Amino acid sequence: MKHRAVGAVLFGGGVLLLALAAGLVFVVKPAMTKLPYDLDSSTSVAEAKNATFLQITNGTAAINQADLKSTILVTPERDKTAALSGDLAGDTVIWRVGQTVDRTDTKELVSAYGAELALDRVSGAAVEWSEGYLDDSGTQEKVPYAGQIYKFPFDSAQTDYEVFDRDLRQTRVAEFTGTEDVNGLEAYRYEQVITDEKLPLPADRVGLLLGALAPGATSGDVVYSNTRTVWVDPVTGSYLKVREQQKKVLVPNTGTQVTLLDADFAYNDETVAASVDRAKESRGQLTLLGVYAPLGLAVLGVAMILVGLLVSRDRTRSGATGRHAANAAPTRVDQPAVRDDERQSGPLSDEIPPASTNWKSEEPTVPQQRSARRDSDRN
């Protein structure tokens, strides 16, 4: 009975471990490969050396040159995420994003923008949300966000993705161009090339630029180019490094073109290091809970099931053997058995006939004949 109980406990424990392994694979890991609701705020800093840029100070526009620093702060909006309903509830998070561009020499603000948008928790792509906006001119503007913006999907693929461009208010294709090591972590490199596209600026803003920088022009456009390269951690989809080679040119209908921006922004070393550290930590958690822990639990569970079955089987066999021995007839040992060879060729076989032989009936009648002869002699 004790063996049977031990076997049952081992078997049940093994089944429980297999269930836990399956839960980690099919429940816990999918939950971890989603943007969390309680994500901490993050800051990324990109720098551009010897950049050419438009700077407006006290209403006066001028083209200057200096080193620039771009700081982007991403803050999850937990309350607004919790208030989502319908198709967005449970599958979407709301992020608030702010960017400032400053001169590193004078610390003066060159430009800034703010935005709120909704992101799919798995793909990281922007989704339609009625309250989303972009503010880069002091007025909130409804923008149809789409594609990848600040993150790529979990388990990113070696394929092309649509990436949203804030200046164009549209997506453009970012092509997968290969893999590259970033601070010891393998990254997927994607490149988006935008060449001489007109920016959708309001007519009054273009008019202000023409009046300040192209006197005599009655119309014009701002032409925009950008080569955006993004290094992405393929496991988490997070940005490890970003580089943007931007150029904006005012093209008036008369007069000389004016370069409004010519800057090569790239994440600084501190931002790259912090991004890689966060990605490694997230990778470690996903690998532990999604691979190693389920595998270990599964192996241990199968071993416990097999041991439990063996313990129960051994107990059954031992019980059956005991019952068989108890029911068997005892062997008599009071009389030794006579071997066949001793019976057939032993020294007593010629002197003493077998007990079953009727030797008296085969006795010769010679004594009777001798008796008869003696009687005749007497006569």
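The values are calculated or read from the model by the stated rules, or taken from the named source; none is laboratory data. Being a predicted model, the structure only gives us computed values, none of them experimental. Don't worry about glycine lacking a Cβ; one is built from the backbone with ideal geometry, like all the others, and counts go over all protein chains shown. Only protein heavy atoms, including side chains, enter the accessible area calculation; ligands, DNA and RNA are left aside. Shrake-Rupley method; radii C 1.70, N 1.55, O 1.52, S 1.80 Å.
Net charge dipole, the range 69-150: roughly 240 debye, given to the nearest 20, about the Cα centre with Cβ charges of +1 for Lys and Arg and -1 for Asp and Glu. Annotation: Asp196 carries an accessible surface of approximately 110 Å², with a 1.4 Å probe and no ligand, DNA or RNA atoms counted. In the range 135-233, a dipole from Cβ-located charges (positive for Lys and Arg, negative for Asp and Glu) runs towards its positive end, and of Phe176, Ser137, Gln158 it is Ser137 whose Cα lies farthest in that direction. Of the whole protein surface, Thr139 contributes about 90 Å² of accessible area at a 1.4 Å probe radius. Once the chain from Glu270 to Leu39 is taken as fully extended at 0.36 nm per residue, the excess over their C-alpha distance is 81.1 nm. Spin-label model, Val122/Asp67: points 7 Å from Cα along the beta carbon direction are separated by 4.5 nm. Computed about its Cα centre, the charge dipole of the range 173-239 is approximately 340 debye, with only Lys, Arg, Asp and Glu carrying charge at their Cβ. Projecting label points 7 angstrom from Cα along Cα→Cβ for Arg169 and Asp155 puts them 3.7 nm apart.
When only the Cβ of Lys, Arg, Asp and Glu is charged (+1, +1, -1, -1), the dipole of the range 40-96 relative to its Cα centre reaches about 240 debye.
Using a 1.4 angstrom probe on the protein heavy atoms only, line up Arg205, Arg228 by accessible area, largest first.
On the way: Arg205 90, Arg228 25 Å².
Per-residue accessible area, sorted high to low, gives Arg205, Arg228.
Gain on full extension, evaluated as 0.36 nm per residue between Glu180 and Arg78 minus their Cα-Cα distance, stands at 33.3 nm. Take Lys198: with every protein chain present and a 1.4 Å probe, its accessible area is about 140 Å².
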